[in-house]
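Derivation of every value follows stated rules applied to the coordinates shown; laboratory data play no part. As the structure is a prediction and not an experimental result, all values here were calculated from the model. For neighbour counting, all protein chains shown are included, and Cβ atoms are generated from backbone atoms with ideal geometry for every residue, glycine included.
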Amino acid sequence: AMESTSRSGSPLFVMRGHREAVNCVGFTSIGNKRCIVSGSGDGEVRIWDLSSRRPIVATHAHGSSVLQATSMCNGTRMLTQAKDGKVSLWDVSTLSQNPIGGENREKSPKPLHTFGTNAYGFCRMGVLESDGRQLVVTASPLQSRLLLWDLKSPKPIHSITLTPNSDAKTGSKSTFSSNLSKALNLGMCTHASLFVPPPLDPKFSKKSPENSEKTPGKLTENSPVVSWATESGHVGFYSVRAGSSLAVGYLEKQPLMCANVVPKPFGGLGIAGSANGHLVAFSGDFKKGQVVSHKTVKVSDKGLAEVHVREDSKIFLTAGWDHRIRVFSTKSLKLLAILKYHTESAFCANFSSAEDGLIASGSKDKSIAIFRVYQSRR
């Protein structure tokens, strides 16, 4: 059972301190502290202690707007991405030694590692920690391309060409060149993420004769998959191991601004948000090599900046340019709650866990609001 909040929930509390718009927000644990990591338009990254509601780290991580700040390695590292295409890896313990309000830029901590993607834009990076590797997918300076990075290597390990067709069925040279010309029409990439599809339940895999060498199962088993969305309204999935597209589909005339994918065996379930306030539920089927659009819902007249599915897959949220955070049922796309606080566009929002039911949101109004919704009762 889930305990609900009122449909127009007001925040538990609000955290202020950023001097510019808050572009990204996420929950993490550092040591035994529950924390929030946030990044803003002036290049500052903050780590906030949720119990004291105060920042424990504030550092000028980048010379341009921060798009993403992700906690890694059990809270000991942080990866940050800026609008100028730079991605930096930080040791959280050295960041924590930087006193709040210490504005001496000379003494500010240095990253362990920085690489330049040369991709200027708003596409947030996707991060995957798997089998001891730390992989990152970012936009590329070329349209309709993505770059895959291993944090141990200074150069990208793979360049991914996004095509409007799945090459699961065909691999001949002629289709490749025609795909290349079509690829230029996809426009900028607006979403990129990395995941490893979960294994099929052994109960089912024995019965299924089609689970043989020929299926994409071999391509995706324990192997990273990139999901992507573009300005042209396309979404797709790409196998890193095979170096080929697994499934592609066209969802929406308007540019897709954000998406979030829940990994499934041989596929993924996704929600995408468009520039005109539409939500589209879709799924990728790697065996059939196709993306199917299930349902479209009009949310508002303004664009959606972020969509995020909670870890239990029951609910998801949107952050909108109309200042609102909305919570929906993943199954039915039914609107469950509208969270009101921000006075300007909401640029980001994220869930903590199903157990604590917390949501953090960040806005152009420079504040971070913490809400509680639909706590899962074990």
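So here's what we get for this one:
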| quantity | calculated |
| --- | --- |
| FRET efficiency for R19 and L112, using Cβ-Cβ distance with R0 set to 25 Å, rounded to 0.05 | 0.45 |
| Global form of region 233-378, assessed from the alpha-carbon gyration tensor, a/c cut-off 1.5 | prolate |
| Gyration tensor (alpha-carbon) shape descriptor, region 46-158, a/c threshold 1.5 | prolate |
| Nearest-0.05 FRET efficiency for R145 and E344, computed from C-beta distance (R0 45 Å) | 0.85 |
| Residue pairs, from the table K152/K334; K302/K331; K288/K364; K110/K264; K253/K314; K253/K334, whose Cα atoms sit over 32 Å apart | K152/K334; K288/K364; K110/K264 |
| In nm, spacing of pseudo-spin labels at D301 and N222 (7 Å Cα→C-beta vector) | 5.4 |
| Whole-Hz ³J(HN,Hα) from phi, Karplus 6.51 cos²θ - 1.76 cosθ + 1.60, for region 68-84, glycine and proline x | 8, 9, 10, 7, 9, 6, 6, x, 8, 10, 9, 10, 10, 9, 10, 5, 7 |
| Rounded if a/c under 1.5, otherwise prolate or oblate - region 254-319, Cα gyration tensor axes | oblate |
| Nitroxide proxy distance, nm - points 7 Å out along Cα→Cβ at R241 and S153 | 1.8 |
| Amide H contacts under 5 Å for M72, placed H, 5+ residues apart | R77, M78, L79 |
| 5 angstrom amide H check on Q134, placed H, neighbours 5+ away | L151, K152 |
| 5 angstrom amide H check on L12, placed H, neighbours 5+ away | I370, F371, R372 |
